[in-house]
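The values are calculated or read from the model by the stated rules, or taken from the named source; none is laboratory data. Everything numeric in this text was worked out from a predicted model, so none of it was measured. In this analysis, Cβ positions are derived from the backbone assuming ideal geometry, glycine residues included, and neighbour counts consider all displayed protein chains. Side chains are part of the model used for accessible areas, which takes the heavy atoms of the whole protein and leaves out ligands, DNA and RNA. Shrake-Rupley method; radii C 1.70, N 1.55, O 1.52, S 1.80 Å.
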Amino acid sequence: MRISRANADDVADLARLLWLDTHDEEPAKRPLDAFAAGLAQWWAAHQDSHLAFVARLLRPEIIGMAWVALVPRVPRPGATSRLSADIQSVFVIPEQRGQGIGSALVEAASEQATRLGCLRVTVHSGRTAVPVYERLGFKSSRQLLQRPSA
């Protein structure tokens, strides 16, 4: 398995994985190729703030992904450059799960965030993935609160 940072050539595969990840819970309102075109436009506009990491086996096909969103924070005296990161949209195709691919993707995304100077890396996880994130060093925090939208 090989983990690497995604580039514009990977958009069609990233769109396919995002499609597979949400297809059961959010039926598609437009075809996959239209979604891929929209994702390409979105990523072109957000490439400085959203980095994608992909997993491949020996074949060039992407079998997993993890995104990291970089969030600039308000400067403070003595700390004018403050950055946080949020791990998002981690997905591995079902046939390849249970082999550590998702963990490797999260580690790659987290390490890149740390290299870029992020003070913290967060993740909003589904209930079943919480133990995986805890094994990777993520901890619950009473200071990180969430307010659901209305």
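Mind checking whether some residue in region 93-108 is at pLDDT 95 or above, within 16 Å of ALA15 (Cβ to Cβ) and either of a type in the set (Lys, Arg) or under 15 Å from the mean Cα position of the chain (by Cα) (or both)?
Among the residues of region 93-108, at least one is at pLDDT 95 or above, within 16 Å of ALA15 (Cβ to Cβ) and either of a type in the set (Lys, Arg) or under 15 Å from the mean Cα position of the chain (by Cα) (or both), which makes the answer yes.
So which residues in region 3-13 are β-branched (Val, Ile, Thr) and open to solvent by 40 Å² or more (accessible area, probe 1.4 Å)?
Result: ILE3, single match.
State which residue pairs qualify: first residue on the phi < 0 side of the Ramachandran plot and inside region 85-98, second residue open to solvent by 30 Å² or more (accessible area, probe 1.4 Å) and of a type in the set (Lys, Arg) in any location, beta carbons under 9 Å apart, and separation of 6 or more residues or different chains.
ALA85/ARG120
For the subset of region 67-103 comprising residues that are in a strand (DSSP E or B) and more than 21 Å from HIS124 (Cβ to Cβ), which member is most open to solvent (accessible area, probe 1.4 Å)?
The extreme case among them is ARG76.
Is it true that some residue in region 51-59 is among the basic types (Lys, Arg), more than 25 Å from GLY126 (Cβ to Cβ), surrounded by fewer than 11 Cβ atoms within 10 Å (Cβ to Cβ) and more than 18 Å from the chain's Cα centre (by Cα)?
There is at least one residue in region 51-59 that is among the basic types (Lys, Arg), more than 25 Å from GLY126 (Cβ to Cβ), surrounded by fewer than 11 Cβ atoms within 10 Å (Cβ to Cβ) and more than 18 Å from the chain's Cα centre (by Cα).
So, in region 1-42, of the ones that are part of a loop (DSSP other than H, G, I, E, B) and touching a residue at least 12 places away in the same chain (Cβ under 8 Å), which residue ends up farthest from ILE93 (Cα to Cα)?
Here the answer is ALA6.
The rows are residues; the columns are (1) buried (at least 17 other Cβ atoms within 10 Å of the Cβ); (2) within 17 Å of ARG97 (Cβ to Cβ); (3) in contact with a strand residue (DSSP E or B) (Cβ under 8 Å, 6 or more places away or on another chain).
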position	(1), (2), (3)
MET1	no, yes, yes
ALA15	yes, no, no
LEU18	yes, yes, yes
THR22	no, yes, no
PRO31	no, no, no
TRP43	yes, no, yes
MET65	yes, yes, yes
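Given (1) in contact (Cβ under 8 Å) with a residue 40 or more places away in the chain; (2) in contact with a Phe, Trp or Tyr (Cβ under 8 Å, 6 or more places away or on another chain); (3) hydrophobic (A, V, I, L, M, F, W, C), where does LEU119 come up short, assuming only one miss?
Status for LEU119: all satisfied but (2).
Output the number of residues of region 49-66 satisfying the condition of being farther than 13 Å from LEU14 by Cβ and in contact (Cβ under 8 Å) with a residue 12 or more places away in the chain.
Summing the residues that are farther than 13 Å from LEU14 by Cβ and in contact (Cβ under 8 Å) with a residue 12 or more places away in the chain in region 49-66 gives 2.
Considering only region 127-143, how many residues are surrounded by fewer than 10 Cβ atoms within 10 Å (Cβ to Cβ) and in a loop (DSSP other than H, G, I, E, B)?
Within region 127-143, residues that are surrounded by fewer than 10 Cβ atoms within 10 Å (Cβ to Cβ) and in a loop (DSSP other than H, G, I, E, B) number 5.
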